[in-house]
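Encoded as structure tokens, the structure appears first; notes follow it.
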Amino acid sequence: MQIHTLGLGPMGTNCYIVEAKNDCLIVDPGGDSVKLIEWIKQKELRPQAILLTHAHFDHIGAVDDVRDVYHIPVYLHEEEADWLGDPGKNGSKMFPVKQITARDCDETWKLGDMQLEHFHFEVRHTPGHSPGSISLVFHKEGCAIVGDALFQRGIGRTDLYRGDLPTLMSSITEQLLTLPEDTVVYPGHGPTTTIGEEKAKNPFLT
């Protein structure tokens, strides 16, 4: 399995393309749909699903374009099922960008182990940055895609709609820091890190 990173959309959000045997999962397509679709075509990959760690505008901008090209389902936590079409909830109304919307998700996350084609991972609920934030843990591969819960030397902001700092800190402590220290962390913005590095060096956690 390989994880590729593309910086997309108005905030340069990390879109992750998780690849195995020419199939792929698309995590958080934040925008720039033409760039993303062209990249997938050049790699000759077969997208199987769009996985959303949460529904903030900078993570959803290319959802409909990609879904319509590949006819694949979109997964999102039920707590944010009505955010895709609401710029007030997804945050695009609060920033100097065009208001971003998408159609409703096709599937809501079920927590725990999940199998999609060649991909096996665990879905963990990691709210705080937003109420429906989730993290995707690939135990066999030793990595986790965590959305905007945890960053290299930082944590997610909690001043947007239904954000909550104590909830976020509990999510990080109970759901992420309990992973093995060599787990590679793929955040929604910025460079990768590891659980061990953040335990030792993240000023919000030490």
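Descriptive notes on the structure:
- Matching residues in segment 182-198 - criterion: being without any contact (Cβ under 8 Å) to a residue 40 or more places away in the chain and loosely packed, with under 15 Cβ neighbours inside 10 Å: 191
- One residue alone among 17, 50, 3 is farther than 15 Å from residue 186 by Cα and not basic (Lys, Arg), and that residue is 50.
- Residues that are of a type outside the set (A, V, I, L, M, F, W, C) and under 29 Å from residue 90 (Cβ atoms), drawn from segment 162-182: 162, 163, 164, 166, 167, 170, 171, 173, 174, 175
- Among strands (runs of 3 or more DSSP E) entirely within segment 13-129, having at least 2 residues that are of a type in the set (Ser, Thr, Tyr), surrounded by 15 or more Cβ atoms within 10 Å (Cβ to Cβ) and in contact (Cβ under 8 Å) with a residue 40 or more places away in the chain singles out 13-20.
- Lone qualifier among 97, 69, 34, 63 - being under 24 Å from residue 121 (Cα atoms) and either at pLDDT below 95 or not aromatic (Phe, Trp, Tyr) (or both): 63
- Flag for residue 140 being modelled with pLDDT under 95, in a loop (DSSP other than H, G, I, E, B) and of a type outside the set (Val, Ile, Thr): no
- The single condition among (1) more than 18 Å from residue 160 (Cα to Cα); (2) touching a residue at least 24 places away in the same chain (Cβ under 8 Å) that residue 7 does not meet is (2).
- Any hit, segment 110-121, residues being in contact with a Ser or Thr (Cβ under 7 Å, 6 or more places away or on another chain) and at pLDDT 95 or above: no
- Residue 59, sole failed condition from (1) touching a strand residue (DSSP E or B) at 6+ places or on another chain (Cβ under 9 Å); (2) more than 25 Å from residue 10 (Cα to Cα): (2)
- Qualifying residues in segment 148-176 (those that are aliphatic (A, V, I, L, M) and part of a loop (DSSP other than H, G, I, E, B)) - the one surrounded by the fewest Cβ atoms within 10 Å (Cβ to Cβ): 160
- Yes/no for residue 179 being over 18 Å from residue 28 (Cβ atoms), free of Cβ contacts under 8 Å to residues at least 60 places away in the same chain, of a type in the set (A, V, I, L, M, F, W, C) and loosely packed, with under 15 Cβ neighbours inside 10 Å: no
The values are calculated or read from the model by the stated rules, or taken from the named source; none is laboratory data. Source: prediction; values computed, not measured. Because the Cβ atoms are built from the backbone with ideal geometry, glycine has one as well, and the counts that use them run over all protein chains shown.
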